[in-house]
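Okay, structure first, notes after.
The values are calculated or read from the model by the stated rules, or taken from the named source; none is laboratory data. Because the structure is predicted, anything quoted here is derived from the model rather than measured. Note: ideal-geometry Cβ built from the backbone for every residue, glycine included; neighbour counts use all protein chains shown. The area values use the complete protein model at the heavy-atom level, side chains included, leaving out ligands, DNA and RNA. Shrake-Rupley method; radii C 1.70, N 1.55, O 1.52, S 1.80 Å.
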Amino acid sequence: MRKGLVLEGGGMRGLFTAGVLDVMMEQGICFDGIVGVSAGALFGCNYKSHQIGRALRYNIRFKDDPQYMGLRALLKTGNIVAPEYAYHVVPNTLDVFDRETFKKNPTEFHVVCTDVMTGEPLYHRIDVMDDEGFEWLRASGSMPLVSQPVLRDGRLYLDGGISDSIPLRYFQEQGFERNIVILTQPKGFYKKQTKLMPLFHLFMRRYPAIVKAMSRRHLMYNDELSYLEDQEQKGNILLIYPQDTLPIGRTEQNERKMRHVYAMGRTMAEGMLKEIQDFLSADK
């Protein structure tokens, strides 16, 4: 029975996920496959490269660097996260990503992107984290309105969370029968339609499929929550989520909050450790 790890996005809320992942890495917990969306992909890749603490470390280190993320990057590049600096300079030279460990680790690693022209999800498996691999990560994490679409294989892509925020069904279709799903919203959360729809109509009118997908995103997301509940009741998945709404914004770079959200993830994983181990070792 193949065991999978499904990682929701959420911008800096993903530091909760990073805390959970670091505890599981410290305990030697392995998976046959990982699928990440947006921040789930950006932070989850460190699981396959087995770099404990890296996600928190580089986010703290570069939080005040205008070349990395923020208004200056947005005005200069059209992306709130600077493409060349964040996705190439940092992992290649400043906080080096362990490409060799990533390549040798047999765990499959998948990311979710959204096709700009169709509004449909695209699932891409990354086996080698070279510059092309980092561009697929960038595509998965490119939030609409504050990011430019990313060109890969002749198609334009944006944030995977637009079209498939919690890709459990996809992973089950790939043969991963027993999955741990890490969410960045508390139990009982249900998404409402974004209040930014007027901005999408104004600034994304070149991409009507994205506007339509964003107008329906809450319906997609809430349907996925219902599916998670069904799969949890059937014993097919183990859900890990924060007890309360995480006290940080999607692009907030307050160090105290970042460390606190990360610590919340660690605390949750430590408290659930036996449950995680039992779930992964049990025969269905």
Within segment 229-245, identify whether any single residue is surrounded by fewer than 15 Cβ atoms within 10 Å (Cβ to Cβ) and under 18 Å from the mean Cα position of the chain (by Cα), and answer yes or no.
-> yes
Just need a number here: residues in segment 225-242 that are under 17 Å from Glu177 (Cα atoms) and part of a helix (DSSP H, G or I).
-> 7
Hey, does segment 179-192 have a residue that's basic (Lys, Arg), closer than 20 Å to Asn59 by Cβ and not in a helix (DSSP H, G or I)?
-> no
Any residue in segment 90-104 that's more than 13 Å from Gly133 (Cβ to Cβ): show its pairings with residues that are in a helix (DSSP H, G or I) and among the hydroxyl-bearing types (Ser, Thr, Tyr) at Cβ separation under 8 Å, as long as the two are six or more apart or on different chains.
-> Val90/Tyr58; Leu94/Tyr58; Asp95/Tyr58
Please go through segment 26-45 and pick out each residue that is touching a Gly at 6+ places or on another chain (Cβ under 9 Å) and either free of Cβ contacts under 8 Å to residues at least 60 places away in the same chain or outside any helix (DSSP H, G or I) (or both).
-> Phe31, Asp32, Gly33, Ile34, Val35, Gly36, Val37, Ser38, Phe43
Residues satisfying the stated conditions in segment 180-202, i.e. exposed (fewer than 15 other Cβ atoms within 10 Å of the Cβ) and either free of Cβ contacts under 8 Å to residues at least 24 places away in the same chain or more than 13 Å from Leu145 (Cβ to Cβ) (or both) = Pro186, Lys187, Gly188, Phe189, Tyr190, Lys192, Gln193, Lys195, Met197, Pro198, His201, Leu202
Residue, surrounded by the most Cβ atoms within 10 Å (Cβ to Cβ), within segment 208-223, restricted to residues that are in contact (Cβ under 8 Å) with a residue 40 or more places away in the chain and over 18 Å from the mean Cα position of the chain (by Cα) | Ile210
Verdict on Arg205 being assigned to a helix (DSSP H, G or I), open to solvent by 30 Å² or more (accessible area, probe 1.4 Å), over 25 Å from Lys274 (Cα atoms) and among the charged types (D, E, K, R) | no
